[in-house]
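*Asks:* One structure, as structure tokens, below. Some questions next.
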Amino acid sequence: MLIDALISLDDPQIGCWIVGGGKFTKEFEATLQKTVRDSKSKTTIRFFGFQSDPRPFYLAADWHIAPSIYEEPLGNVVQEAKSCNTPSIVSPNGGLPELIANNVNGLILTEVSLKEISITIRTIADHRDNYQDYGDKAFDSLDGHLDDNTFNEKWQAVLKILHDSLAQFSACSIILRHRKT
């Protein structure tokens, strides 16, 4: 859908780098590349395939887009973009919207459709000045909620709750057993 939206914009001032892929997506990537070649669109769309370090792409980009149609629990790509001061456009699916403060450090699509994606990209392209501070705000929103220490602390809290729940259950079991005798 993203490729179709970019093609429909047919604007030489708009470009998109498709970064990522793998052995299970080669056929799909080839189909997308053929679609771009056959379109004759003025929009620049380039494919870079899998990159072991995508940071140079995030650092050079004005925006990152993750228009996932799947219910992804967490989009690491959004966090990677934030770490490079690059705001994201995300779909309203799964955990992606939880990573964005809409119209503050990124944008959340109202739906994943050709029309919605096209309008959003066109709006950003036509009103760049309105979005200049989104990258800094994206970086600032990396509050550490996914760093190792916070991750470990949250799991310890979950395990404590589980432990305390089991301890209460064990105490109840002992009392119930005692009443049975």
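No lab work stands behind these numbers, since they all come straight from the coordinates. These numbers were taken from a predicted model, which means no experiment stands behind them. Neighbour counts run over all protein chains shown; Cβ positions are idealised from the backbone, glycine included.
*Asks:* Computed FRET efficiency, Cβ-Cβ of residue 30 and residue 126, R0 41 Å: what is it to the nearest 0.05? Can you show the working numbers first?
*Replies:* Details: r = 33 Å, r/R0 = 0.79.
With R0 = 41 Å, the Cβ-Cβ based efficiency is 0.80.
*Asks:* Identify the chymotrypsin sites (Phe, Trp or Tyr not before Pro) of segment 10-114 meeting these criteria: DSSP loop state and at most 13 other C-beta atoms within 10 Å of the C-beta. Please report the intermediate quantities before stating the final value.
*Replies:* Numbers: sites: 17, 24, 28, 47, 48, 50, 57, 58, 63, 70; in loops: 24, 50, 63, 70.
For chymotrypsin sites (Phe, Trp or Tyr not before Pro) across segment 10-114 that sit outside H, G, I, E and B with at most 13 neighbouring Cβ atoms in 10 Å, the list reads 24, 50, 70.
*Asks:* Evaluated at 10 °C with a viscosity of 1.306 mPa s, what Stokes-Einstein diffusion coefficient in µm²/s does segment 96-144 have when Rh comes from the Kirkwood expression over alpha-carbon pairs?
*Replies:* Numbers: Rh = 11.7 Å.
D, rounded to a whole number, is 136 µm²/s.
*Asks:* In degrees between 0 and 90, to the nearest 10, how far off the longest principal axis of the chain does helix 114-126 point, with axes built from Cα atoms?
*Replies:* 70 degrees
*Asks:* Just one of (i) 1.06; (ii) 1.29; (iii) 1.18 is Rg/Rh (Cα atoms, Kirkwood Rh) calculated from these coordinates, so which is it?
*Replies:* From the options (i) 1.06; (ii) 1.29; (iii) 1.18, the structure gives (iii).
*Asks:* Residue 162 versus residue 10, label points 7 Å from Cα toward the beta carbon: distance in nm?
*Replies:* 5.7 nm
*Asks:* Kirkwood hydrodynamic radius of segment 52-126 from all distinct Cα pairs, in Å?
*Replies:* With all distinct Cα pairs of segment 52-126 included, I get 12.4 Å.
*Asks:* Now a separate question. Tell me the angle of helix 148-180 to the major Cα principal axis of the chain, expressed in degrees between 0 and 90 and rounded to the nearest ten.
*Replies:* 30 degrees
*Asks:* Looking at the chain, which longest stretch skips every one of the trypsin sites (Lys or Arg not before Pro) that is in a DSSP loop with at most 13 other Cβ atoms within 10 Å, leaving the sites themselves out?
*Replies:* Longest gap between qualifying sites, sites excluded: 43-181.
*Asks:* Go ahead and estimate [θ] at 222 nm for the chain from helices alone: -39,500 (n - 2.57) per DSSP H run with n ≥ 4, summed, over the residue count, rounded to 500. Numbers along the way, then the final one.
*Replies:* Working: 7 runs with 89 residues, N = 181.
Helix-only estimate at 222 nm: -15500 deg cm²/dmol.
*Asks:* While we're on this one: Against the longest principal axis of the chain, how steep is helix 26-39, in degrees 0 to 90 to the nearest 10, with axes from Cα atoms?
*Replies:* The two axes meet at around 30 degrees.
*Asks:* Once each part is reduced to its C-alpha centroid, what is the distance from segment 106-127 to segment 1-24 in angstrom?
*Replies:* 13 Å
*Asks:* Another question, then. List the relative contact order of segment 1-148 as a percent without decimals, with contacts defined as Cα pairs under 8 Å and 6+ residues apart.
*Replies:* Once divided by the residue count of segment 1-148, the mean separation gives 22 percent.
*Asks:* Could you name the aspartates and glutamates in cross-link range of residue 42, using Cα to Cα under 12 Å and dropping any fewer than eight places away on the same chain?
*Replies:* Correct list for residue 42: 10, 11.
*Asks:* Give the lysines whose C-alpha is closer than 22 Å to that of residue 23, dropping any in the same chain fewer than 8 places away, or say none.
*Replies:* 34
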